[in-house]
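Derivation of every value follows stated rules applied to the coordinates shown; laboratory data play no part. It should be emphasised that the depicted structure is a prediction, and the values quoted were computed from it without experimental measurement. FYI the Cβ positions are ideal-geometry reconstructions off the backbone, even for glycines, and counts take in every protein chain you see.
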Amino acid sequence: MRRSMLFLPGNTPNMILSGDCLGADAIILDLEDAVAPDQKDAARVLVRNAIRTLQFPGVEKIIRINSLDTAYWKKDLDEMIPLKPELIMTPKTSCAADVLEFDAYISGLEDKLGYERNTVKLMPLIETALGVENAFAIASASKRVAAIFLGAEDLSADLRCKRTKEGKEILYARGRMVLAARAANVDVYDTPFTDVNDDEGIRVDAEFAKGLGFTGKASISPRHVGVINEVFSPTQKDIDYAYEVMEAIRIGKEQGKGAVSLHGKMIDAPIVARAQQTIDMAVALGLGREEA
């Protein structure tokens with residue numbers, strides 16, 4: 001389960017030390033934008049040693065490496081793949097060929113290390129107009145791709161528009177990303193809300209992203225993590241209704257009914273699927289019982 005992902009700059013030891021105490025489902029240890037060129041090597045060593053030593057129990061580890069157009073990405077992967085992070089985030093991914101280049105290099109490292117292929121998954125970061133238009137091709141380029149992630153700051157610069165809190169300028173990109181991810185059967189994550197002092201704004205933005213179909217949302221501040229987790233978690237009302245749906249279906253099958261209704265509404269396959277998804281998440285969060 002990955003509701004929230006928290007960016008931690010790879011050159012900030014104090015923040016990294018607290019990585020498993022900040023409430024996020026996943027931490028993104030950033031070797032790219034947050035790290036100046038003259039600090040790349042030091043950040044890589046710091047992140048490597050932190051993962052080896054701290055292990056971050058209960059928190060998924062995602063490494064954002066540097067992009068293909070830099071001299072750093074192979075060094076990043078050489079150091080990170082032996083640690084078996086759950087995901088590698090690849091920035092500025094604009095086409096399927098980008099995914100395949102990362103995939104091929106990681107496969108070579110996995111072979112040398114004796115790991116099974118696809119041990120380490122990919123989360124392409126889509127942050128250009130070309131990337132958005134190629135979102136499905138990126139999401140379906142390799143079995144290694146587990147999710148795609150929208151980067152709105154670089155995207156808005158590429159679109160030559162102002163990045164706003166309301167996010168109207170990225171509405172098309174958000175919708176395109178969700179459609180591409182669902183068509184490719186991978187997860188999809190929303191861009192961070194960058195005003196760390198706007199507590200109401202982050203809630204509105206997260207609820208909107210959830211309404212569009214995003215799996216979860218990234219954050220650049222620990223302050224936003226709690227709200228994101230709350231928004232992307234089922235409410236008790238949601239959970240209770242999901243169990244009602246599954247019980248109604250069970251009784252309907254026992255009675256040989258071809259159609260089942262609940263509270264005056266027909267229960268069809270999509271409603272059952274959503275109910276099961278809600279129950280699965282509730283169980284993962286310790287809020288529900290496993291038998292549906």
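Before moving on, here are some points about what is shown:
- Taking label positions 7 Å along the Cα-Cβ direction at both T12 and T53, the computed distance is 1.9 nm, reported to one decimal.
- Whichever lysines have a C-alpha closer than 19 Å to that of K265, once near sequence neighbours (fewer than 8 apart) are set aside: K237, K253, K257
- For the pair K257 and K237, a Förster radius of 22 Å applied to the C-beta separation gives a FRET efficiency near 0.30, rounded to the nearest 0.05.
- Percent RCO, i.e. relative contact order, over the chain, from Cα pairs under 8 Å lying at least 6 residues apart: 15
- Given the chain, longest segment not containing exposed loop trypsin sites (Lys or Arg not before Pro) (DSSP; at most 15 other Cβ within 10 Å): 1-116
- Label point distance in nm, R160-A183, each placed 7 Å from Cα along Cα→Cβ: 2.7
- Taking Cβ atoms as reference points and 12 Å as the exclusive limit, the residues near F208 contribute a net charge of +2, counting Lys and Arg as +1 and Asp and Glu as -1.
- Computed over region 236-284: relative contact order in percent, which uses C-alpha pairs under 8 Å that are six or more apart: 48
- Charge dipole (region 4-231, unit charges on Cβ, about Cα centre) - positive-most of T191, Y72, V145: V145
- The length gained on full extension between L100 and T70, counted as 0.36 nm times the residue separation minus their Cα-Cα distance, comes to 9.1 nm.
- Over the chain, DSSP H runs of length four or greater, each weighted -39,500 (n - 2.57), average out per residue to a 222 nm ellipticity of -14500 deg cm²/dmol.
- The length gained on full extension between R117 and E86, counted as 0.36 nm times the residue separation minus their Cα-Cα distance, comes to 9.8 nm.
- Of the GluC sites (Glu not before Pro) found in region 35-136, those in coil by DSSP whose Cβ has at most 16 other Cβ atoms within 10 Å are E86, E116.
- Exceeding the 18 Å Cα-Cα cut-off - candidates K121/K143; K40/K74; K162/K217; K143/K210; K40/K84; K61/K121: K162/K217; K143/K210; K40/K84
- Summing +1 for each Lys or Arg and -1 for each Asp or Glu among the other residues whose beta-carbon sits under 12 angstrom from that of S107 gives -1.
- Lys, Arg +1 and Asp, Glu -1 on Cβ, resulting dipole of the chain about Cα centre, debye, nearest 20: 400
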